[in-house]
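Just so it is clear, none of the values below were taken in a lab; they were calculated from the coordinates. If you're wondering where the values come from, they're calculated on a predicted model, not measured in any experiment. Cβ: placed from backbone, ideal geometry, glycine included. Neighbour counts: every protein chain shown.
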Amino acid sequence: MTIDAFDQYKRLLTRRHFFRNASLGLGTAALASMPGSPLHAATADAQLQGTPGLANLPHHQPKAKRAIYLFMSGAPSQMDMWDYKPKMADWFDKDLPETIRQGQRLTTMTSGQSRFPIAPSIYKFAQHGKAGTWASELVPHMAKKVDEISMIRSMWTEAINHDPAITYICTGDQLPGKPSLGSWLSYGLGNENENLPSFLVMTASWSGRQQAQALYNRLWGSGFLPSKYQGVSLRSAGDPVLYLSNPSGLDAGVRRRMLDSLSRLNQQTYEAIGDPETNARIAQYEMAFRMQTSIPELADLSDEPQHVLDLYGPDVMRPGTYANCCILARRMAERGVRFTQIFHRGWDQHGNLPGDLPKQCKDTDQPNAGLLTDLKQRGLLDDTLVVWGGEFGRTIYCQGKLTKKTYGRDHHPKCFTVWMAGAGIKQGVVHGETDEFSYNVTADPVHIRDLNATILNQLGIDHSRFTYPFQGLDQRLTGVTEAKVIRPILA
């Protein structure tokens, strides 16, 4: 649309449209002019790049400047990796007692089974570190890191199926439509690097069972927050971000002139309608232009010394692998990216767990440990929060046929394991306990709301005071149900 055509469009606005916008515009202008109002903050932030975020944040001195979330999509089996249950060896093929199950909800995948036979882990466990923390042979590299992490064995959630469970832990609600954790952080804390988005997402390749649960962009979406706060997903093939490269015959100078013209049109739209989202769109176009230089530089590992590459394992130079994503996450942390999230799929072992779980652990174990080492040796772990975990746990009883060598496990929301490291997290701590069946939490339960409250806390945010007005409510990541920071794991 040319500028002349746009002027004609403005003259053709209907009388009803004019009066609607005029009435809204007066109130909008008044509200936007009030210092401290959410609209004032959103409008001002949309017009600026590299701002520190909301004026009233942080609420307290933060321990973390940024966070890296390692999300194991599909739900890792806690009793095969971290939650050692030696007594289960005597329970092989015996039924799970009803006194343990207590009528708890089951998925449709096992609710029709005539029995629920116990499947002890076939993997060897050993104690590691100063505190003698138990860890499986599946995670030999992270076993050496137990003195540097806090392990939470008593996580739980209400969701029992993947999509609502992942949506719940990523956005604070089982129903779609709410902003993701990364979007909340981007909105509240802003961006340290004007050439990169404050929230970047990577979906890594995986080696286990290839039929995996789908991931939807709402998991890193901005929901009701302005769209500039949504996560930007990097691809493993072609341009890291779609349309990053200029089309054939279009150079950077032409691209710059096009954006300048588009910016003028969008500015006229904003002046005519007053929608702050228009300014957000202008900012997004400008960010995309700068990313044409910053993203290729970020993804180029040619300047990484071999001893650093070796930390992450043999797959580090293969684009899209989990190891490659982890070293990119470290490079993002160096460049001030506020929140980085890596999704690694394939952890949904309903059958043939011994065939698939070792592959998943091989994908991730050394890169996880390498990331912690790399951050620490650069002095970044002191102010970078690292979180590892999935959406729920798995059952001690077998789904399908049980043998001495193979078994499967169903979804289990009542207890699972997450670990955290860096940025004011205590080292060498194991928090929470489960029963001998790894079926119920017996001490220090931690809800996923508590986990999100703790992540916010380390970044200087009081979750109860961090709100956004929408649909007549002061919305927040942790919802209206009580959530508490996990104080025992904080240094």
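Tell me the Kirkwood radius of the range 363-491: reciprocal of the mean inverse pair distance over distinct alpha-carbon atoms, in Å. Could you put the intermediate results ahead of the total?
Working: mean 1/r = 0.0583 Å⁻¹.
Kirkwood hydrodynamic radius for the range 363-491: 17.2 Å.
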Computed FRET efficiency, Cβ-Cβ of Ala89 and Gln211, R0 25 Å: what is it to the nearest 0.05? 0.20
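Place the peptides 328-337, 212-221 in order of packing, highest mean first, counting for every residue the other Cβ atoms within 10 Å and averaging per peptide. Please list the in-between numbers first.
Numbers: 328-337: 21.2, 212-221: 17.6.
Top to bottom by mean Cβ count within 10 Å: 328-337, 212-221.
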Between Thr434 and residues 5 or more places away or on another chain, the pairs with built amide H atoms under 5 Å apart involve Thr442
Once R0 is set to 41 Å, what does the formula 1/(1 + (r/R0)^6) return for the Cβ-Cβ distance between Arg256 and Asp474, expressed as a FRET efficiency to the nearest 0.05? 0.50
Quick one: if the Förster radius is 41 Å, what FRET efficiency do Asp462 and Lys401 give, using the C-beta to C-beta distance and rounding to 0.05? 0.25
Which one, Ser227, Pro176, Gly190, projects farthest toward the positive side of the charge dipole computed for the range 148-232 from Cβ point charges (K/R +1, D/E -1)? Pro176
Label-reachable residues, the range 106-127, where backbone N falls under 18 Å from a point 7 Å from Asp147's Cα toward its Cβ: 126-127
Extension gain (nm, one decimal) between Lys484 and Asp173, 0.36 nm per residue minus Cα-Cα: 110.3 nm
